[in-house]
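**Q** Structure incoming, see below.
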Amino acid sequence: MKNVKLISIIYIPFVLTIFTAYYKLNTIIMKKTLFALLVLTLGCNSSQKTASESSTTSNTAKNATNFAETITEAELKEHLYVYASDEFEGRDTGSEGQKKAVAYLKAHYEKLGIPAAKKDGDYFQKVPIESMKTPNGTITVGDKTYTIGTDFVSLSAMNADFDEIVYVGYGLDEETYSDYKGRDVKGKLVLVKAGEPKNADGTYKLSGTNEKAFWNTPSDAIGLKANIAEEMGAKGMLYYDASSYPAFVNYFNRLKENQNGQMSLKSKNPVFFKGYVNSIMAKAILENIDTNTTPQVISIKIASRVTASENEIDSENVVALLKGSEKPDEYLIISSHLDHIGINEDGAINNGADDDGSGSVALLEIAEAFKKAADAGVGPKRSILFLHVTGEEKGLLGSQYYTDMDPIVPLEKTVADLNIDMIGRINPKREGDRNYVYLIGSDKLSTDLHELSEKVNEKFMNIELDYTYNDENDPNRFYYRSDHYNFAKNNIPVIFYFNGTHEDYHRPGDTPDKINYDLLENRTRLIFYTAWEIANRDQRVIVDKPTN
């Protein structure tokens, strides 16, 4: 028994010591193991989160690509061969051809299942346009009376007397050159001549080159010079262009036979008066007008007695709305104009395949891509308004009515307008360098939109974004010549997508067979990707350079 006790005395403390040591060691190991597992778990979770975020980003880009690829040359071509066909007769504002065009657009949105934007379910937003019948009357300068249709022509009316007329040379007002500087023309009549100023070496002052600019194209220059005069507060403009005057008279006579005249939105305010004068009448006001470019006030009595009656024109915008999934009360507008210039006096149809059939069908394909995305449950977060406007060729009338008189969605909730006007052809200046598109206005109001546009293009398309016509000093003034401008003047950021003019601009040669459908596809996809980013990102486009 003595030996057992001794073993117990020696063995039991030893076992306790070993057990204690083992327990401590095991505890340390367990703690380290648990810590390692915790680190591993956290690491896995962190890795899984990163993978998830990466997957989300990847899926967003993948989704955009999947739906962009539904925009195809074949479908664009199919649409355009109908939309710019002879059947649509050039889609002149208010014409039977234009009615066929709006019916085609409406049918497409109905087929897609994209509802009308108006609450009453009507896709058509009636635009109150009036056409002033070709006027009758006379203008007396001093003691000499001149007759409309012979000595001058006009598509507007004016019954007014003046003791003076302000000669403003070429009638231009640019940052680097102005014929209006120091001149008060409010409520007055101005005299303007065709062309633009030149330097002593024969180059043009505004461009610094020998190349004729926009101001030398009569049909466009007159309208813009009249816009400048009206913005300056003038009551009317007499325009002198000796070489083009016979064409003005022919146009006036043709309209008189058809009882058509100048179109404008119905308003209580009088239409700005534009009269086109011949050499005899112009020189009765300023004898040396051909060589004189110095703005001046001319004291001479002028009495205008030009009157006209008005006709209402039945025309409409087409507007569809795809509601956003998360921010339905914020709106992106994608726009194009549905009209063109109709039929020439010789019966030739101006089909307008590029201007703006290309933009119209691009908008249809973009709408279809977004609807497919919505049906698949992946967007857009913001609402998208698909806006086809009428009367663009008559002075941006449809978009002006939308912004100034009847915005279907609140302007303050409109985050941007992407406007598409001519994206199916190549500017002759870009021959051989075809993978481009002109962008105008992207940085005018929003640095944010400009940077977004650049990044989207770099990520998805790598088209050359050419900003030639975005220059503030560009004499073509394209920024002011399409429907985006009516949004921009309301501080809504815009991008105008444009391929530039070509030899068939506003001519019967603008037909569907001359469209570069691969470029039309690429440019349309670029616009879709840009719209996708604007519609789906968390923050709305920031306006950091408001105009007022």
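The values are calculated or read from the model by the stated rules, or taken from the named source; none is laboratory data. As the structure is a prediction and not an experimental result, all values here were calculated from the model. Cβ coordinates were reconstructed from backbone atoms using ideal geometry, including for glycine residues, and neighbour counts include every protein chain displayed. Side chains are part of the model used for accessible areas, which takes the heavy atoms of the whole protein and leaves out ligands, DNA and RNA. Shrake-Rupley method; radii C 1.70, N 1.55, O 1.52, S 1.80 Å.
**Q** Tell me whether region 202-222 contains one or more residues that are open to solvent by less than 10 Å² (accessible area, probe 1.4 Å), in contact with a Ser or Thr (Cβ under 6 Å, 6 or more places away or on another chain) and part of a loop (DSSP other than H, G, I, E, B).
**A** No, that holds for no residue.
**Q** Kindly indicate which of ASP471, ASP466 is closer than 24 Å to TYR204 by Cβ, touching a strand residue (DSSP E or B) at 6+ places or on another chain (Cβ under 8 Å) and open to solvent by 10 Å² or more (accessible area, probe 1.4 Å). Talk me through it step by step, then tell me what you get.
**A** Details: ASP471 fails: touching a strand residue (DSSP E or B) at 6+ places or on another chain (Cβ under 8 Å).
Result of the check over ASP471, ASP466: ASP466.
**Q** Restrict the check to region 92-112 and report whether at least one residue is more than 18 Å from VAL306 (Cβ to Cβ), modelled with pLDDT of 95 or more, part of a loop (DSSP other than H, G, I, E, B) and among the basic types (Lys, Arg).
**A** No, that holds for no residue.
**Q** Related question: Name the single residue that is least open to solvent (accessible area, probe 1.4 Å) among those in region 113-123 being out of contact with any Lys or Arg (no Cβ under 8 Å at 6 or more places or on another chain) and either without any contact (Cβ under 8 Å) to a residue 12 or more places away in the chain or in a loop (DSSP other than H, G, I, E, B) (or both). Break it down into steps so the answer makes sense when it comes.
**A** Keep residues of region 113-123 that are out of contact with any Lys or Arg (no Cβ under 8 Å at 6 or more places or on another chain), which gives 115-122.
With the extra rule that they be either without any contact (Cβ under 8 Å) to a residue 12 or more places away in the chain or in a loop (DSSP other than H, G, I, E, B) (or both), the set shrinks to 115, 117-122.
Details: PRO115: 71, ALA117: 14, LYS118: 55, LYS119: 212, ASP120: 109, GLY121: 50, ASP122: 58 Å².
Here the answer is ALA117.
**Q** Take GLU412 and tell me if it is among the acidic types (Asp, Glu), without any contact (Cβ under 8 Å) to a residue 12 or more places away in the chain and open to solvent by 20 Å² or more (accessible area, probe 1.4 Å).
**A** yes
**Q** Scan region 138-147 for residues that are open to solvent by 20 Å² or more (accessible area, probe 1.4 Å) and part of a strand (DSSP E or B) and report the count.
**A** Here is the first cut: in region 138-147, the residues open to solvent by 20 Å² or more (accessible area, probe 1.4 Å) are 138, 140, 142-145, 147.
Then keep just the ones that are part of a strand (DSSP E or B); that gives 138, 140, 144-145, 147.
Residues that pass the stated criteria total 5.
**Q** Mind telling me which of the residues ASP474, ASP406 ends up being over 16 Å from the mean Cα position of the chain (by Cα), part of a loop (DSSP other than H, G, I, E, B) and under 29 Å from SER131 (Cβ atoms)?
**A** None of the other options fit; the residue is ASP406.
**Q** Within region 161-173, which residues are open to solvent by less than 10 Å² (accessible area, probe 1.4 Å) and either out of contact with any Pro (no Cβ under 9 Å at 6 or more places or on another chain) or touching a residue at least 60 places away in the same chain (Cβ under 8 Å) (or both)? Walk me through how you get there before you give the answer.
**A** Within region 161-173, the first condition is being open to solvent by less than 10 Å² (accessible area, probe 1.4 Å), and the residues that meet it are 165-169, 171-172.
Within region 161-173, ILE165, VAL166, TYR167, VAL168, GLY169, GLY171 qualify.
**Q** Only one of (1) within 20 Å of GLU316 (Cβ to Cβ); (2) open to solvent by 60 Å² or more (accessible area, probe 1.4 Å); (3) part of a helix (DSSP H, G or I); (4) of a type outside the set (Asp, Glu) fails for LYS126. Which number is that?
**A** (3)
**Q** Could I ask something else about it? Conditions first: (1) touching a residue at least 12 places away in the same chain (Cβ under 8 Å); (2) touching a strand residue (DSSP E or B) at 6+ places or on another chain (Cβ under 8 Å). THR176 passes all but one, so which condition is the exception?
**A** (2) is the only condition that THR176 fails.
**Q** For the list (1) open to solvent by 20 Å² or more (accessible area, probe 1.4 Å); (2) outside any helix (DSSP H, G or I), I need the number of the one condition that TYR479 fails.
**A** (2)
**Q** Going by the conditions given, is TYR146 more than 25 Å from the chain's Cα centre (by Cα) and in contact (Cβ under 8 Å) with a residue 24 or more places away in the chain?
**A** Yes.
**Q** Considering only region 179-194, state which residues are without any contact (Cβ under 8 Å) to a residue 60 or more places away in the chain, buried (at least 16 other Cβ atoms within 10 Å of the Cβ) and in a loop (DSSP other than H, G, I, E, B).
**A** VAL185, LYS188, ALA194
**Q** What number of residues in region 57-91 are of a type in the set (Asp, Glu) and outside any helix (DSSP H, G or I)?
**A** Just the residues of region 57-91 that are of a type in the set (Asp, Glu), to begin with: 69, 73, 75, 78, 86-87, 89.
In the following step, the residues that additionally are outside any helix (DSSP H, G or I) were identified as 69.
Summing the residues that are of a type in the set (Asp, Glu) and outside any helix (DSSP H, G or I) in region 57-91 gives 1.
**Q** Can you name every one of the strands (runs of 3 or more DSSP E) wholly within region 277-366 that holds 3 or more residues which are charged (D, E, K, R)?
**A** 310-322, 327-337
**Q** Report yes if some residue within region 414-422 is under 30 Å from GLN262 (Cα atoms), at pLDDT 95 or above and in a helix (DSSP H, G or I); otherwise report no.
**A** No, region 414-422 has no match at all.
**Q** A further question follows. Of all residues in region 489-505, how many are open to solvent by less than 20 Å² (accessible area, probe 1.4 Å) and of a type in the set (Ser, Thr, Tyr)?
**A** 1
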